[in-house]
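The structure appears below as structure tokens.
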Amino acid sequence: MNIAIINGSPRKNGATFTVLNYFNETLKEMDADINIEVINLIDYNLKYCMGCQLCYSGKCVIKDDNIDEIQSILKNCDGLIWGSPVYAANITGVMRNFYDRVNMLMMQLLYRKPCINIVTYENGMAGKVQRILKEMENFAGGYNVKSMAIKNPFNKNPLDKKLRLKIEKSVKILLKKIKKNKPPLFSVIYINVVINIFLKPFMYKNKELYQGVIDEWVERGIISGE
């Protein structure tokens, strides 16, 4: 079993990372055989997407920030836990840039995978950021099993007994969903609508441009070869 944990905060020792790290510790305690990949996005110094669309036919033309490494981790994971603090009533810039660069939507990197998202905040707008992360999960083919909004003063440790128990309970839910390997019906319907009504017809109209994505989908069993 492979779990990806992504810290969308530029602060590697802040509240968001502290919460995500406790998820990591809890997973290890519950199952020592789980392979966990922890990604601090700030470590990758990701370049901005240039909108050239060449990634749709193969690989991204930007080769010096290891985006392929992150993409591979997400493609091979069985579940995702990720988090972002609220910055200017939104997700962080590094999280937004990551989503663009890793091509999560077109590659359907979370196809049928359960996800947990974490939002830390000091004042407000956590609900908006939660909705953004859920949309990202859904658009990329995944489904949300738990979403946490954690209010926390700046530079304070958010972990208390109550939060630790919530995290432990959430880990159990995630592991159960992964082992069951059966997304809820509403998620299956949503994924099929996104793929078959919007994305697939659009790609086949522009098959030369999107051949790399089509080949990826066929290889992973998202669509059948035609």
Could you say whether any residue in the stretch 46-57 is closer than 30 Å to Leu159 by Cα and either surrounded by 13 or more Cβ atoms within 10 Å (Cβ to Cβ) or within 15 Å of the chain's Cα centre (by Cα) (or both)? yes
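Each row is one residue, and each column tells you yes or no for (1) β-branched (Val, Ile, Thr); (2) on the phi > 0 side of the Ramachandran plot; (3) not in a loop (DSSP other than H, G, I, E, B).
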| site | (1), (2), (3) |
| --- | --- |
| Tyr22 | no, no, yes |
| Glu25 | no, no, yes |
| Lys28 | no, no, yes |
| Ala32 | no, no, no |
| Ile39 | yes, no, yes |
| Cys49 | no, no, no |
| Cys52 | no, no, no |
| Val61 | yes, no, no |
When you scan the stretch 4-13, do you find a residue that is assigned to a helix (DSSP H, G or I) and either touching a strand residue (DSSP E or B) at 6+ places or on another chain (Cβ under 8 Å) or among the aromatic types (Phe, Trp, Tyr) (or both), even just one? no
What are the pairs, 6+ residues apart or on separate chains, where a residue within the stretch 196-214 that is within 17 Å of Phe139 (Cα to Cα) and free of Cβ contacts under 8 Å to residues at least 40 places away in the same chain has its Cβ under 7 Å from a residue that is of a type outside the set (S, T, N, Q) and outside any helix (DSSP H, G or I)? Lys200/Ile223
List pairs: first in the stretch 163-190 and within 19 Å of Ile5 (Cα to Cα), second at pLDDT 95 or above and among the acidic types (Asp, Glu), Cβ under 6 Å, 6+ apart or cross-chain? Ile178/Asp78
Give the stretch 135-148 a look and list any residue that's in a helix (DSSP H, G or I) and in contact with a Lys or Arg (Cβ under 9 Å, 6 or more places away or on another chain), or say none. Glu137
Among the listed residues Ala126, Ala140, which satisfies the condition of being more than 18 Å from Val86 (Cβ to Cβ) and of a type in the set (A, V, I, L, M, F, W, C)? Ala140
The listed residue being closer than 30 Å to Ala89 by Cα, modelled with pLDDT of 95 or more, in a helix (DSSP H, G or I) and in contact with a Lys or Arg (Cβ under 8 Å, 6 or more places away or on another chain), out of Ile116, Ile132, Ile167, Ile173: Ile173
Is it true that Leu80 is crowded, with 21+ Cβ neighbours inside 10 Å and part of a helix (DSSP H, G or I)? no
Which pairs do you get when a residue that is of a type in the set (S, T, N, Q), found in the stretch 63-90, comes within reach of a residue that is crowded, with 23+ Cβ neighbours inside 10 Å and part of a helix (DSSP H, G or I), reach meaning Cβ atoms under 9 angstrom, with the pair 6+ apart or on two chains? Ser84/Thr16; Ser84/Met95; Ser84/Val129; Ser84/Leu133; Asn90/Val129
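The values are calculated or read from the model by the stated rules, or taken from the named source; none is laboratory data. This is a predicted model, so every value here is computed, not measured. Neighbour counts are summed over all protein chains in view; Cβ atoms, including those assigned to glycine, are modelled from backbone coordinates with ideal geometry.
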